[in-house]
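Q: For reference, the structure I am asking about is given below.
The values are calculated or read from the model by the stated rules, or taken from the named source; none is laboratory data. If you're wondering where the values come from, they're calculated on a predicted model, not measured in any experiment. Virtual Cβ from ideal backbone geometry, glycine too; neighbours counted across all protein chains shown. The protein model used for the area step is the full one, side chains on, heavy atoms only, and it has no ligands, DNA or RNA in it. Shrake-Rupley method; radii C 1.70, N 1.55, O 1.52, S 1.80 Å.
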Amino acid sequence: MRGFLSVLFFTPLLALAQVDNKNGLASLHEQINEFVSIDGLADHDISDFVSKIDQKHAEKNSTKFCRTLFNKTSREFFRHYTQETSFGKMLSKGKYNCLTGTALYALLLDHFAIPYTIIETNYHIFLLASTNDGKILFEATDPLNGFVDNPNDIEKRIQQYRRNSIQRVTSDTRKYYAYNFN
């Protein structure tokens with residue numbers, strides 16, 4: 001199911017990312033509306049938010065800009081973590097998860113022409129941005145410590161995510177299926 005949701009969210013993103021981004025904000029608005037239309041919700045205009053961030057883009061180095069992008073996006077759109085939500089609910093109600101948060105960060109990084117890689121583990125998804133200063137981990141579900149720019153800390157986080165598995169309780173009568181892939 002997680003893989004299907006990833007395909008559902010990121011297929012339009014990857015297709016639209018191939019389009020030349022000469023239209024800037026208009027293109028971002030179209031991409032956002034593609035995601036929101038899946039819910040059948042009205043379109044959402046995040047132009048004001050992006051314009052404010054855009055002013056910071058010219059003023060700061062890439063790491064500082066990414067930190068600003070991470071913090072402002074988190075404060076503006078990520079209010080209530082919930083495992084099951086949609087992109088439209090994230091924008092309209094602030095309900096988010098690792099998938100919807102990562103999708104928003106990916107769209108914004110595309111807009112600002114910052115390359116990134118999306119990493120999906122068995123139970124989680126996050127992204128690594130590539131800047132002139134090095135790699136930066138964006139963890140949408142951790143608003144306080146989810147921006148990681150130290151290479152050693154990034155590697156530790158990735159290893160921690162890869163080890164993440166279902167916790168089994170011996171006294172528990174429930175049965176779990178531990179899905180695993182590399």
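Q: Could you list which residues have their amide H under 5 Å from that of I114, counting only those 5 or more apart in sequence or on another chain, with H placed in the peptide plane?
A: Counting only residues 5 or more places away or on other chains, the set is empty.
Q: Ordered by residue, what ³J(HN,Hα) values in Hz, to whole numbers, does the stretch 101-117 give under the Karplus form 6.51 cos²θ - 1.76 cosθ + 1.60, where θ = phi - 60° and Gly and Pro are x?
A: 3J(HN,Hα) across the stretch 101-117, in whole Hz: x, 5, 4, 5, 4, 4, 4, 5, 5, 4, 4, 8, 6, 9, x, 8, 10.
Q: Rounded, prolate or oblate: pick one for the stretch 65-123, where a ≥ b ≥ c are the square roots of the eigenvalues of its C-alpha gyration tensor, a/c under 1.5 means rounded, and failing that, prolate if a/b is larger than b/c, else oblate. Show your work: numbers first, answer last.
A: Values: a/c = 1.97, a/b = 1.26, b/c = 1.57.
Because a/c hits 1.5 or more and a/b fails to exceed b/c, the stretch 65-123 counts as oblate.
Q: Is the shape of the stretch 91-170 rounded, prolate or oblate, going by the alpha carbon gyration tensor and its root eigenvalues a ≥ b ≥ c, with a/c under 1.5 for rounded and a/b larger than b/c for prolate?
A: Numbers: a/c = 2.21, a/b = 1.26, b/c = 1.75.
Taking the square roots of the gyration eigenvalues as a ≥ b ≥ c, the stretch 91-170 is oblate.
Q: Roughly how many Å² of H124 are accessible to a 1.4 Å probe, to the nearest 10?
A: 20
Q: Among 100-112, 63-75, how do they line up by average Cβ neighbours within 10 Å per residue, starting with the highest? All intermediate terms of the calculation are to be shown ahead of the outcome.
A: Values: 100-112: 23.4, 63-75: 18.3.
Ranking, from highest mean packing down: 100-112, 63-75.
Q: While we're here: With θ taken as phi - 60° and the coefficients 6.51, -1.76 and 1.60, list the Karplus ³J(HN,Hα) couplings across the stretch 80-87 in order, rounded to whole Hz; mark glycine and proline as x.
A: 9, 6, 8, 5, 10, 7, 10, 4
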